[in-house]
1. Anyone know which of 28, 79, 190 comes out most mobile in the 10 Å Cα GNM of the chain?
2. Please calculate the 1.4 Å probe accessible area of residue 167, with all protein chains present, and give it to the nearest 10 Å².
3. Strictly over 20 Å apart at the Cα level, which of 157/204; 57/130; 144/212; 30/95; 65/219; 32/65 would you flag in this model?
4. Note down the relative contact order for the chain as a percent, whole number, built from C-alpha pairs under 8 angstrom at least six residues apart.
5. If you place +1 on the Cβ of every Lys and Arg and -1 on the Cβ of every Asp and Glu, how big does the dipole about the Cα centre of the range 31-106 come out, in debye to the nearest 20?
6. If you find the alpha carbon centre of the range 20-55 and of the range 114-159, how far apart are they in angstrom?
7. Evaluate the charge dipole of the chain about its Cα centre and quote only its size in Debye, nearest 20, assuming +1 on the Cβ of each Lys and Arg and -1 on the Cβ of each Asp and Glu.
8. For the range 71-223, with all protein chains present and a 1.4 Å probe, just round the carbon and sulfur fraction of the accessible area to a whole percent.
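The values are calculated or read from the model by the stated rules, or taken from the named source; none is laboratory data. What you see is a predicted model, and the numbers here were worked out from it, not measured in a lab. Note that each Cβ is placed from the backbone with ideal geometry, even for glycine, and that neighbours are counted across all protein chains shown. Areas reflect the complete protein model, heavy atoms only, side chains present, ligands, DNA and RNA absent. Shrake-Rupley method; radii C 1.70, N 1.55, O 1.52, S 1.80 Å.
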Amino acid sequence: MKKLLILFVLSLYVFQSHAQVFTGMSEIDKSKKEGVYTFVNTQEKFAAASWKAYLSKFGKVTEGKNGSFSSNDLMVPSISEKPLLVVSKVSEENKKVKLFISMATGSDEFVQTGHPKLTEASTWIEAFLKLVDLEEAVRVEEKKLAELINAQAKISKQTERLIREVDSNQRQINNLEERLKEAKVEKEKILTNQEQNKLDQKSKEDEIAAQKVAVEAAKQKIK
């Protein structure tokens, strides 16, 4: 009875230290599995790709159906000196991306509440979650960069239009002497707009340059 009480207290300590990782059960490929799960702060497609890449650092990974991944030779020294049998699944539940991992360290011995390596497994999983956060930060910065580039493209189109207007106006001056004064007034307005456009374009170029630096800074955090 005392051993059970000590085990319960230890499991509570583990979950206080690793609040992002929980134990439970899930169905993978029509089979109930024991293991741990967490929630990933990104879209399901990104989470699946990142998880596969992360697993591949530790061994050969086979991708199954409906977001499932399996490996029978995963080497994670902090959890086990022997190859691990790992079956996992990335899915979306209640608008959250869930990662479930069934990790066997031996015959019918799965990492869950009470397992001596639960803390190490939680740390290993949380390292993946931190990596996903960094990757998501890169995507956010890249999205901002794309928006700035699109804004610049619109300004460039406006620049071309204003140039054409200037050319057309000059032809009017040459062909219509009787309307010279009116044409000159119109030309000054267009040139004013053109100068403002140049200022806008320079401002966007500066913003894009700064944003590129932000993107590279976010990428450097992953390396």
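1. Maximum among the listed residues: 190.
2. Accessible area, nearest 10 Å²: 80 Å².
3. 30/95; 65/219
4. Relative contact order, the chain: 17 percent.
5. For this selection, approximately 160 debye.
6. 19 Å
7. Roughly 240 debye for the chain.
8. Exposed carbon and sulfur together represent 51 percent of the surface.
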